[in-house]
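Quick notes on the structure that follows.
The values are calculated or read from the model by the stated rules, or taken from the named source; none is laboratory data. These numbers were taken from a predicted model, which means no experiment stands behind them. FYI the Cβ positions are ideal-geometry reconstructions off the backbone, even for glycines, and counts take in every protein chain you see. For the accessible areas, the whole protein counts, side chains as well, though only heavy atoms, and no ligand, DNA or RNA atoms are used. Shrake-Rupley method; radii C 1.70, N 1.55, O 1.52, S 1.80 Å.
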Amino acid sequence: MVETAVAVSSPRVASSPRAGLGRGGAHHHRRWAPAISPSYRVILLALWLVGFALVFLWQSTSVGRVGLYTRSPLPKRAPYVAEMGQWVASPPVYDLREFGGVGDGLTLNTAAFVAAVAALAERGGGRLIVPAGRWLTAPFNLTSRMTLFLSAGAEILGIQDERYWPLMSPLPSYGYGREHNGPRYGSLIHGQDLKDVTITGHNGTINGQGQSWWIKFRNKVLNHTRGPLVQLMWSSNITISNITLRDSPFWTLHTYDCKNVTISETTILAPIAGAPNTDGIDPDSCENVVIKNCYISVGDDGIAIKSGWDQYGIAYGRPSTNITIRNVTIRSMVSAGVSIGSEMSGGVSNILVENVHIWDSRRGVRIKTAPGRGAYVTNIVYRNITLEHVRVGIVIKTDYNEHPDEGFDPKAVPIIENISYSSIHGHGVRVPVRIQGSAEVPVKNVTFRDMSIGLVDRKHHVFQCSFVQGQVIGYVFPVPCKNLDLYNERHELVKQSTLQNISDIDYSF
């Protein structure tokens, strides 16, 4: 049906230039849809608005979908993380300044550290960020499942007034404070009975400011044993990395009766003289420890593996075992690069020391013990050790007679056996080897192979032995002592010694 009347009656259509003539001048008539009533328009508008609202609601409430119109700002950290196929709350991250911390080197921040750690403990763990600045504090405790993160330029400073340092009970395997009877000072950063603890960062520093402690110790005005810089006790799954530890009042990093400890990319510093007992790292009655990629220059042993002192260590009965020390550079002008003992009365076994460079030091690698210690030092491997300007390279000493009290048993003699030295090289060494066993404490089954050390003095006998049984395999320089059997590179016996018990120890040079 053609609606001719509608088209003809409209003046706008008739006058429109688009309404031109067709062929033969005939007019083409437009067809028009019927007009929509106002009620239908209202209905369509309402439906369109409802549809838009549904799409917006879907977009804003859907988890993980990309926003169609607007995006919410991304959070600094996800409030939930995927774990074992489920969404769980992510650990909190706090900044020390949120708890009132002021990094001016003058304000005491103990309350801020304590409050921050308490907040993490309440949340089941998390991360505490110490930003750039100098953060003076008294000692504080860590908590489980915690990361203490030191930003670049951050330095935690230990307060020098010992009145702020709490007193603790003596270590059970030592009988009493190491320097005085009775309680001992706690550490600047302390933790015990913890799991999953990390201290790391962007090479921030923990500074014990030990100078005043060293002076007071030398002047004998302290009434208690000095405290370590960092001490973790009876804990597991510990990671310490990418930080600097310096100027501890006493031992720097002391892990006591801990399991699964990794210390890496860590720098440990103290003056090479005048900083007494500032050992770098002391694994003490610890199991499954890795120390790697570290630089240590301190005023005592760089690394000292311990396990208790005389009768107290024997009674406590916790060995240090399964410890690897790898890719470490050490300087110790007054002591040794790597020591075992002298406190080793819980036993020490399964130790690997490899790829270690020891320079400008009094001694290189040392085992020290004495009658009264009891227990054992066994299955120790030294491999690829470089000694540069070292007074005595390899030391085993069995008369280190320092005891906690008169209650030790002199008949409790330690067993020293199964010690291997291979690929030992260096220059500027005065005495490459000094192994001093005794009739009471002989040293058994010591092996040397691939050893060449440049000497400072060729006039004296510098491969010194006493009460030692063992073997030399292949080429070793300087000429080994007569106590040892000689084997060629094919492990064929060349000469068997019958002089294991002779002694040519000479301390005169």
key: Inter-centroid distance (Cα atoms) of segment 295-354 relative to segment 218-258, Å   = 14
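Which value, in Å², gives the accessible area per residue of segment 220-292 when a 1.4 Å probe is used on the protein heavy atoms?
Normalised by residue count, the accessible surface of segment 220-292 is 26 Å².
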remark   = Simple SL model, points at 7 angstrom along Cα→Cβ for Ser90 and Leu352; separation in nm is 3.6
request  = Roll a 1.4 Å probe over the protein chains and send me the accessible area per residue for segment 317-446 in Å².
outcome  = 33
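What order do you get for 444-450, 239-245 when each peptide is scored by the mean count of other beta carbon atoms within 10 Å, highest first? Mind showing how you got there, number by number?
Details: 444-450: 18.6, 239-245: 20.4.
Highest mean packing first, the order is 239-245, 444-450.
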task = Compute the label zone of Ala412 within segment 168-199: residues whose backbone N is under 12 Å from the point 7 Å along Cα-to-Cβ.
result = 173-175
request  = Describe numerically, in nm with one decimal, the distance between label points set 7 Å from Cα along Cα→Cβ at Lys495 and at Asp161.
outcome  = 6.9
Residue-wise HN-Hα coupling along segment 194-204, computed from phi with Karplus coefficients 6.51, -1.76, 1.60 (Hz; x: Gly, Pro) = 10, 9, 6, 10, 10, 10, 8, x, 9, 6, x
ask   = Each label point is 7 Å from the Cα along the Cα-to-Cβ direction; what then is the distance between the points at Asp504 and His425, in nm?
value = 2.6
task = Sequence neighbours fewer than 8 away in the same chain don't count; with that in mind, list the lysines whose C-alpha is under 16 Å from Lys495.
result = Lys482
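Rounded to the nearest percent, how much of the accessible area of segment 411-490 (1.4 Å probe, protein heavy atoms only) is carbon and sulfur?
Working: 1810 of 3480 Å².
Ligands and nucleic acids excluded, carbon and sulfur give 52 percent.
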ask   = Roughly to the nearest percent, how much of the accessible area of segment 239-304 is carbon and sulfur, given a 1.4 Å probe?
value = 44
ask   = What is segment 349-503's relative contact order, in percent, from Cα pairs under 8 angstrom and six or more apart in sequence?
value = 19
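Give me the extension gain from Asp450 to Ala273: residue separation times 0.36 nm, minus the current Cα-Cα distance, reported in nm with one decimal. Walk me through the numbers before you get to the answer.
On the way: separation 177, 0.36 × 177 = 63.72 nm, distance 3.35 nm.
Full extension of this stretch gives 60.4 nm more.
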note = So the compactness index of segment 394-509, its C-alpha Rg divided by 2.2 N^0.38 Å, takes the value 1.13
message = Please enumerate, by chain and number, the lysines with C-alpha under 16 Å from the C-alpha of Lys195, excluding those fewer than 8 residues away in the same chain.
response = Lys259
inquiry  = Can you tell me, using C-alpha contacts under 8 Å and at least 6 residues apart, the relative contact order of segment 242-397 as a whole percent?
reply    = 19
request  = Just the number, please: carbon plus sulfur as a percent of the accessible area of segment 117-168, 1.4 Å probe, no ligands or DNA/RNA counted.
outcome  = 47
key: Charge dipole (debye, nearest 20) of segment 111-264; +1 at Cβ of Lys and Arg, -1 at Cβ of Asp and Glu   = 180
Packing-based order for 164-175, 280-291, using average beta carbon neighbours within 10 Å, highest first = 280-291, 164-175
ask   = Too long at a 18 Å Cα-Cα cut-off: which of Lys397/Lys444; Lys306/Lys397; Lys368/Lys444; Lys220/Lys306?
value = Lys220/Lys306
request  = Could you tell me the distance between the Cα centroids of segment 374-391 and segment 132-169, to the nearest Å?
outcome  = 34
query = Applying 1/(1 + (r/R0)^6) with R0 = 60 Å to the Cβ-Cβ distance of Asp405 and His202, what FRET efficiency is obtained, to the nearest 0.05?
reply = 0.85
ask   = Pulled fully out, how much extra length does the chain show between His461 and Thr239, if you take 0.36 nm times their separation in residues and subtract their Cα-Cα distance?
value = 75.5 nm
